[in-house]
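**Q** Structure incoming, see below.
The values are calculated or read from the model by the stated rules, or taken from the named source; none is laboratory data. Just so we're clear, the structure is a prediction, and the values are computed from it rather than from any experiment. Quick reminder, even Gly has a Cβ in these numbers, built from the backbone with ideal geometry, and neighbours come from all protein chains shown. What goes into the accessible areas is simple: the full protein's heavy atoms, side chains included, and nothing from ligands, DNA or RNA. Shrake-Rupley method; radii C 1.70, N 1.55, O 1.52, S 1.80 Å.
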Amino acid sequence: GLEAPCYVFIMKIQNPILRGFNPDPSIIRVGEDYYIATSTFEWFPGVQIHHSRDLQNWQLVARPLNRLSQLDMRGNPDSCGVWAPCLSYDDGVFYLVYSNVRSFQGVWKDTPNYLVATQDILGDWSESIFLTSSGFDGSMFHDDDGRKWMFCMLLDHRKGTFFGGIVMQEYDPKAQRLVGKQYHIFDCTELGITEAPHLYKRNDWYYLITAEGGTEYGHAVTLARSRSIFGPYEVHPENPIITAANHPKHPLQKAGHADLVETQNGDWYAVFLVGRPLTERGRCTLGRETAIERVEWRDDDWLYSATESKLPRLEVEAPDLPEHIFPKENVRDDFDTTLLNIHFQSLRIPIDESWLSLGARAGYLRMYGRESLSSFHRQSLVARRVEDFQVEASTCVEFEPTHFQQMAGLVFYYNSYHFMYLHLMGDEEGRKLLQIIVCDKYEMTEVLNQPIDVTGVKRVYLKGVFYHADIQFYYATQENNWQKIAGVLDGSILSDDYVTDAENRYRPAFTGAFVGLCCQDLTGQGLHADFDWWEYREG
């Protein structure tokens, strides 16, 4: 008789693995657990840590920098703050190195780097230890002789150099500081803009991986090696090893800033950031995301992509590990616990009872109005990443403003001068009005010539739909009876690619679109708004 056909199903990892603004990934494996740390810039708490057991399914589990004593970003400009965290593990201890960039415009940059540590990655982390301000993208390497080395790119302000190569210095864990000489170990390749160093050791080779070409459409992963940690480092014969720079139509662009991990079965993978533009080499509203690719060591002791292409793929062969699926997250949050949803972050400052409370009124998130959406200090705002090209966010708010400087509502936010804000406000005649403000490169536009009068309506429902480049706002005075407000707005301005244009070349723009809730009281009286629930839907 005929034998039944035998089918072999190979599980595939779908890229990006961390969708939405999750750049600069640093990955480790501890036993059967994988962790990725990503940059958060001005969003607090600092550093996102995702967990997986199969490299396919990931869950946000922690943000370790949750105290001002670890991370003080008050006054930091947009897209400064936490850059390129490096997560490592040695002898039962997790280490996290990060930059808290304080300024980035002008000739000089202020880029202090710190270290925190813990034995429990989901628990409290130590107080911060200052390392150096020589550059950014700090990284820690634990050598097999017990010595620890800190790496970073070097800032060089002389003659417009800026990127001065990669330096390293020894870290003394007992003294809790860097000691000895700073060594300049790597300059650059012809790609330039060399940053994001990570070091590995294999077969008596030291391997230095860096990001080059800039974190835009020329981005690439460069690999070099040396028999000595001090160098000299020779560059990979087919450098770069991962890039999409010469393929403008490829769906995953900006590939670079990589880190490596070995599975318990001996397979190797690289994680790196990518962007998914709305159009060819266009705007990436989801920001820089994290992707993965299978890599392999060959007989020449060099690392290559497991395919014959340097391009990142939308689907990658998964390792031979048991699939580990996390519970599906709820679409709706009724604010019926005293714990804020982990996806929410604030701007620059911790969330505390002085401005946000889940206990002041049971079943509501109460927010006390403070400074404007342009503030670098004391905003009352919580928001989450936009993680899909089609999302719908909605809420119900109770707010009784008596002044036009008192506002509360729903916001799509990129930074302090790019946002779209559907909000309630008061006026001199005692009315409660609904208005949309669009901020585009510092220019504020009130979209509605005649604000919508909702005086006497206690509960107002607000909704925003973000579909690719389009944002459409809605409101209701009775639940689910949605009415469109004005026309479609251009949501593509909420992207790095729009904010960083030819005129703003040296103004950093490295985040992504968020959507959330906020309240302002520019009179200084602290009027509060009560949000009954929050919904975030994708697809």
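**Q** Positive end of the charge dipole of region 360-497 (Lys, Arg +1 and Asp, Glu -1 on Cβ, about the Cα centre): tell me which of SER375, VAL457, PHE389 has its Cα farthest that way.
**A** Positive-end residue among those listed: VAL457.
**Q** OK, next. How large are Rg and Dmax for the chain when calculated on the C-alpha trace, in angstrom?
**A** Computed over the Cα atoms of the chain, radius of gyration and Dmax are 24.0, 89 Å.
**Q** How long are the semi-axes of the ellipsoid equivalent to region 435-539, from square roots of 5 times the Cα gyration tensor eigenvalues, in whole Å, largest first?
**A** Those come to 28, 18, 15 Å.
**Q** Would you mind calculating the gained length between LYS12 and LEU448 on full extension (0.36 nm times residue separation, minus the Cα-Cα distance), in nm to one decimal?
**A** Going from the current span to full extension adds 152.2 nm.
**Q** How much net charge surrounds VAL221 when only the other residues with a Cβ under 12 Å from the Cβ of VAL221 are counted, with Lys and Arg +1 and Asp and Glu -1?
**A** -3
**Q** What distance in nm lies between label points placed 7 Å from Cα along the C-beta direction at THR477 and ALA362?
**A** Between THR477 and ALA362, the label points sit 3.1 nm apart.
**Q** Hey, another quick one. Would you tally the net charge around VAL235, using a Cβ to Cβ cut-off of less than 11 Å, leaving VAL235 out, and scoring K and R as +1, D and E as -1?
**A** -4
**Q** Moving on to the next point. For a quick check of understanding: with a 1.4 angstrom probe and all protein chains in place, what accessible area in square angstrom does ARG276 have, to the nearest ten?
**A** ARG276 has an accessible surface of roughly 50 Å² with all protein chains in place.
**Q** If you build the Cα gyration tensor of region 277-320 and take the root of 5 times each eigenvalue, what three semi-axes come out, in whole angstrom, biggest first?
**A** So the three semi-axes of region 277-320 are 27, 13, 9 Å.
**Q** Same structure again: If you add up the charges near SER375, with Lys and Arg at +1 and Asp and Glu at -1, over every other residue whose beta carbon is less than 15 angstrom from its beta carbon, what do you get?
**A** Net charge around SER375: 0.
**Q** At 0.36 nm per residue, minus the direct Cα-Cα distance, what do ARG158 and VAL488 gain on full extension? Give it in nm, one decimal, please.
**A** Computed gain between ARG158 and VAL488 is 114.1 nm.
**Q** Here's a follow-up. Averaging sequence separations of C-alpha pairs under 8 Å and six or more residues apart, then dividing by the length of the chain, give the relative contact order as a whole percent.
**A** 14 percent
**Q** Rounded to two decimals, what is the ratio between the C-alpha radius of gyration of region 135-237 and 2.2 N^0.38 Å?
**A** 1.07
**Q** Rg to Rh ratio, region 180-225, alpha-carbon atoms and Kirkwood radius?
**A** For region 180-225, the value is 1.02.
**Q** With only Lys, Arg, Asp and Glu charged, each at its Cβ (+1 for the first two, -1 for the last two), find how big the charge dipole of region 1-105 is about the Cα centre; round to the nearest 20 debye.
**A** Dipole of region 1-105, to the nearest 20 debye: 300 debye.
**Q** At a Förster radius of 60 Å, what calculated FRET efficiency corresponds to the Cβ-Cβ distance of LEU278 and ALA175, to the nearest 0.05?
**A** Step by step, r from the Cβ atoms, then E = 0.75.
**Q** Evaluate E = 1/(1 + (r/R0)^6) for ASP110 and LEU314, where r is the Cβ-Cβ distance and R0 equals 35 Å; express this FRET efficiency to the nearest 0.05.
**A** 0.35
**Q** Give the peptides 46-58, 75-87, 183-195 in descending order of average Cβ contacts within 10 Å, highest first.
**A** 75-87, 46-58, 183-195
**Q** Still on this model: Output needed: percent of Cα pairs per 5 Å distance bin for region 13-117, bins running from 0 to the one holding the longest distance.
**A** Binned Cα distances yield the sequence 2, 12, 22, 24, 17, 12, 7, 3, 1, 0.
**Q** Right, something else. Please give the length that would be gained between GLN525 and GLU323 if that part of the chain were fully extended, namely 0.36 nm times their separation in residues minus their C-alpha to C-alpha distance (nm, one decimal).
**A** So the extension gain works out to 67.5 nm.
**Q** At a probe radius of 1.4 Å, what is the per-residue accessible area of LYS12, in Å² to the nearest 10?
**A** LYS12 has an accessible surface of roughly 70 Å² with all protein chains in place.
**Q** Any idea what % of Cα-Cα pairs in region 242-337 are farther than 24 Å?
**A** So the pairs more than 24 Å apart make up 38 percent of the total in region 242-337.
**Q** Taking the Cα centre of the chain as origin, sum charge times position over the Cβ atoms of Lys and Arg (+1) and Asp and Glu (-1), and report the length of that vector in debye to the nearest 20.
**A** Approximately 940 debye in magnitude.
**Q** If you don't mind, another one. Which lysines have a Cα less than 25 Å from the Cα of LYS432, not counting those fewer than 8 places away in the same chain?
**A** Candidates past the 8-residue exclusion: LYS458, LYS463, LYS484.
**Q** Right, next: Of LYS109/LYS310; LYS12/LYS249; LYS159/LYS441; LYS181/LYS201, which sit over 28 Å apart, Cα to Cα?
**A** Long pairs (Cα-Cα over 28 Å): LYS109/LYS310; LYS159/LYS441.
**Q** Assuming R0 = 25 Å, can you tell me the calculated FRET efficiency for the pair SER126 and ARG378, based on Cβ-Cβ distance, to the nearest 0.05?
**A** The pair SER126/ARG378 has a calculated efficiency of 0.40.
**Q** Picking from TYR95, HIS324, ILE27, whose Cα lies most toward the positive end of the charge dipole for the chain (charges on Cβ: Lys, Arg +1; Asp, Glu -1)?
**A** Comparing the listed Cα positions along the dipole, TYR95 ranks first.
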